[in-house]
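In what follows, a structure is listed as structure tokens, so that the remarks can point back to it.
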Amino acid sequence: MSTAEVISARPEPAPQPGHPAAPVIHWIRFLRSELRLIFLRWRNLALLAVLAALPVLIGVALKLSAPGGDNGQGPPFISQVAGNGVFLTLASLTVLLTLVLPLVVAVVAGDSVAGEAGHGTLRYLLAIPAGRARLLGVKYAAVVIFCLAACTVVTAASLAVGAALFPVGPVTLLSGTTISLGAGVLRLVFVTLYVAGAMAALAAIGLAISTLTEHPIGAIAAILVLALASEVSDSVPQFALVHPYLPTHWWLSFDALLRSPIAWGDLQHGLISFGIYVIIFGAIAWARFSTADVTS
Amino acid sequence: MSAGYRAAGQRDEVSFGNADDEPQPASVSPRTEWAQSAIATSGLSKRFRGGQLAVDGVDLAVPRGCVYGFLGPNGSGKTTTIRMLLGLVQPTSGSHQLLGVPMPAGTNAVLPRVGSLVEGPAFYSQLSGKANLARYDAADRTADARTAGPRISAALDRVGLLSAARKHYRAYSLGMKQRLAIAAGLLGPRELLILDEPTNGLDPQGTREVRGLIREIAADGTTVFVSSHLLAEVEQICSHVGVMRTGKLVFQGTLDELRGRGTARILVRTAQPAQAADVLSGLGLQDVRTGEHEASAQLGGQPPEEVCAKLVHAGVPVAGLDTPRPNLEDLFVELTGEGFDVDG
């Protein structure tokens with residue numbers, strides 16, 4: 001083996017075209033690959049299908065439970081659905097936010113890093129090197145896009161079912177004002193974005209938990225337990241002092257968007273709470289992941 | 001000779017490894033040499049949280065362009081060392097360079113030029129072989145998306161998987177999975193290939209193919225660092241060898257140096273072994289043994305012809321004389337301990 005010859009015969013590696021100039025392209029390429037993994041996975045598609053099916057179930061149940069038989073009890077917005085199908089979206093989001101939406105987000109967020117570690121693909125991604133910060137960033141971005149997709153599926157399915165089963169017309173807001181159907185649907189878009197923001201905060205918690213283990217099931221369970229514990233604490237009056245700081249406390253504050261004028265105060269509290277959770281748990285995820293020994 | 005030989009060699013010969021004799025890494029591999037090394041480590045150590053010292057002061061020096069066999073029994077710290085080289089595990093102490101670039105600071109700069117296979121293949125079972133390589137290629141920020149297709153096909157072709165490119169990974173055989181992992185290491189132009197047990201789980205044909213592939217890659221000028229617990233495999237393809245034992249590098253050098261390191265013995269076939277043994281002892285030779293029709297001792301640098309002359313002179317009927325050198329396997333076992341003799 002003539003080492004010297006080999007080295008001298010070898011030209012210096014040419015700089016890869018477009019490498020330092022266009023890092024964004026490589027982010028997008030990696031993100032697309034990540035999204036393909038999430039959205040082409042049968043399990044995740046089944047979860048989205050469940051999210052689409054549940055509003056149908058709720059709509060049919062409300063249709064069957066006789067118009068006018070409303071006694072003002074049960075979850076908010078339920079009573080309005082019979083009068084205006086648009087409200088089915090709000091009813092569905094409210095119902096699904098208690099368990100199903102957090103569950104779906106927990107599955108995808110919990111799997112994000114722990115799944116790669118469990119499969120052993122994490123060591124190859126890091127040896128490529130994908131870059132630890134870049135990998136974490138892409139993972140989180142993809143999960144947030146999934147959260148948005150999940151909320152959009154609920155909204156779209158609810159709107160479709162609501163329109164099919166119930167009369168649809170100008171929307172009477174919680175404050176009593178009536179706005180046009182178009183303006184009402186626009187409000188629903190904002191509601192969907194707000195709920196997606198709530199789920200993105202949960203996803204940040206999920207990402208941090210996901211970096212702690214190589215068992216995705218454990219991470220998923222931990223996220224769900226955390227969300228449920230927060231919801232339970234939120235309903236215990238004795239804990240009133242900590243309620244505003246609970247991650248789930250502001251999830252249902254989207255009704256602020258259904259007032260005229262919009263009740264920005266609650267909305268702001270919610271968005272700030274989500275933002276703080278994203279920052280704190282994003283930092284935890286980074287602190288853990290940037291130094292973690294990958295031995296899986 | 002084998003049983004007696006191993007007993008002879010145990011302690012005094014283990015110490016001939018560089019790592020034990022010269023604790024100052026700087027004197028072994030001065031910084032100037034580091035730049036020419038494909039891999040250079042200095043005092044690389046890893047203590048896991050359980051307190052177990054998995055890697056203990058390893059000073060690797062892998063020259064560019066060589067095929068380096070990283071030998072050691074299972075559990076001797078090879079994989080942990082490789083994980084540290086690739087920045088997957090943080091060393092407790094020590095430092096290292098890849099291709100002259102200090103790690104882990106240079107991770108993003110140097111790892112794109114390094115292909116690796118660490119502790120078996122790992123892919124997405126729901127994706128095809130081709131889609132799996134596309135996934136890893138997408139994670140590489142230095143890879144050009146426009147050339148991904150041809151590069152992936154070329155890598156698959158090189159390991160003979162082109163016809164199975166669209167098959168799901170979960171339907172791959174163990175050998176195919178292993179080859180796909182090697183293909184993943186060949187997606188770009190590499191200057192260094194780090195392969196951890198690349199022939200694990202392969203049938204003899206597959207092993208042959210991988211050996212051929214490694215030779216081919218090395219012939220292109222790529223440095224290949226290949227870990228194995230199979231000496232025969234390393235002997236066939238490697239120019240340099242490092243031997244690990246319970247976390248320590250107990251030998252490092254060329255294959256010929258390893259061969260030369262064995263202590264030569266002199267073996268006298270004679271009808272009077274006791275008499276021959278007396279003569280050998282009288283010459284100051286160590287570790288004198290007698291058999292039914294033979295006597296042997298460590299030669300210890302004495303010219304065998306002189307020993308023979310002394311024997312004949314002393315009236316020992318010499319029927320045959322041999323200076324057997326231990327084979328590589330004996331040397332390896334001597335360095336790493338018997339199979340179940342795991343110390344620490």
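The values are calculated or read from the model by the stated rules, or taken from the named source; none is laboratory data. This one's a predicted model, so the numbers in the text were calculated from it and none came from an experiment. A quick note on method: Cβ atoms are made from the backbone with ideal geometry, for glycine too, and the neighbour counts reach across all protein chains shown.
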Residue set B:265, B:269; condition touching a strand residue (DSSP E or B) at 6+ places or on another chain (Cβ under 7 Å), at pLDDT 85 or above and away from chain A (no Cβ under 14 Å); output residue B:269
Subset of the stretch B:106-119, residues more than 7 Å from chain A (Cβ to nearest Cβ) and under 23 Å from residue B:173 (Cβ atoms), comes to B:115, B:117, B:119
So, first residue in a strand (DSSP E or B) in the stretch B:238-263, second residue of a type in the set (Ser, Thr, Tyr), Cβ within less than 7 Å, six or more apart or across chains; the pairs are B:240/B:68; B:240/B:254; B:242/B:68; B:243/B:336; B:244/B:76; B:245/B:76; B:245/B:336; B:254/B:239
Check your understanding: Can residue B:127 be described as aliphatic (A, V, I, L, M) and buried (at least 21 other Cβ atoms within 10 Å of the Cβ)?
Key -> no
Whether any residue in the stretch A:204-217 is under 27 Å from residue A:158 (Cα atoms), surrounded by fewer than 22 Cβ atoms within 10 Å (Cβ to Cβ) and hydroxyl-bearing (Ser, Thr, Tyr) is what I want to check. no
task = Evaluate the stretch A:34-50: report whether one residue or more is in a loop (DSSP other than H, G, I, E, B), within 9 Å of chain B (Cβ to nearest Cβ) and at pLDDT 85 or above.
result = yes
A careful count of residues in the stretch A:80-126 that are of a type in the set (Asp, Glu) and free of Cβ contacts under 8 Å to residues at least 24 places away in the same chain gives 1
Answer with yes or no whether residue A:149 is touching a residue at least 60 places away in the same chain (Cβ under 8 Å), touching an Asp or Glu at 6+ places or on another chain (Cβ under 7 Å) and on the phi < 0 side of the Ramachandran plot. no
Counted residues in the stretch B:309-321 being touching a residue at least 40 places away in the same chain (Cβ under 8 Å) and surrounded by fewer than 19 Cβ atoms within 10 Å (Cβ to Cβ) come to 6
Flagged in the stretch B:34-56 as touching a residue at least 60 places away in the same chain (Cβ under 8 Å) and either β-branched (Val, Ile, Thr) or not assigned by TED's automatic domain parsing to the domain that holds residue B:217 (or both), in numbering order, are B:39, B:55
- Task: Could you check, for the stretch B:278-292, whether at least one of its residues is closer than 26 Å to residue B:115 by Cα and either surrounded by 16 or more Cβ atoms within 10 Å (Cβ to Cβ) or not assigned by TED's automatic domain parsing to the domain that holds residue B:190 (or both)?
- Result: no
When restricted to B:216, B:209, the only residue in contact (Cβ under 8 Å) with a residue 24 or more places away in the chain, of a type in the set (D, E, K, R), surrounded by fewer than 22 Cβ atoms within 10 Å (Cβ to Cβ) and closer than 17 Å to residue B:157 by Cβ is B:209
Looking across the stretch B:130-160 at residues that are modelled with pLDDT of 90 or more and more than 14 Å from every other protein chain (Cβ to nearest Cβ), the single one that is surrounded by the fewest Cβ atoms within 10 Å (Cβ to Cβ) is B:150
The strands (runs of 3 or more DSSP E) lying wholly within the stretch B:94-211 that contain at least 1 residues that are within 20 Å of residue B:224 (Cβ to Cβ), over 21 Å from the mean Cα position of the chain (by Cα) and not small (Gly, Ala, Ser) are B:101-103
For the stretch A:190-211, pairs from a residue that is within 17 Å of residue A:118 (Cβ to Cβ) to a residue that is of a type in the set (S, T, N, Q), with Cβ under 7 Å and 6 or more apart or across chains, are A:207/A:112; A:210/A:112
In the set A:78, A:128, the lone residue that is crowded, with 23+ Cβ neighbours inside 10 Å, touching a helix residue (DSSP H, G or I) at 6+ places or on another chain (Cβ under 8 Å), among the hydrophobic types (A, V, I, L, M, F, W, C) and modelled with pLDDT under 95 is A:128
Among A:163, A:142, the single one that is of a type in the set (A, V, I, L, M) and more than 14 Å from chain B (Cβ to nearest Cβ) is A:163
Discussion item. On the basis of being more than 10 Å from the chain's Cα centre (by Cα), within 14 Å of another protein chain (Cβ to nearest Cβ) and surrounded by fewer than 17 Cβ atoms within 10 Å (Cβ to Cβ), does residue A:133 make the cut?
Written reply: yes
### Message
I'd like to check something: does the stretch B:57-71 contain any residue that is within 14 Å of another protein chain (Cβ to nearest Cβ), buried (at least 23 other Cβ atoms within 10 Å of the Cβ) and without any contact (Cβ under 8 Å) to a residue 60 or more places away in the chain?
### Response
no
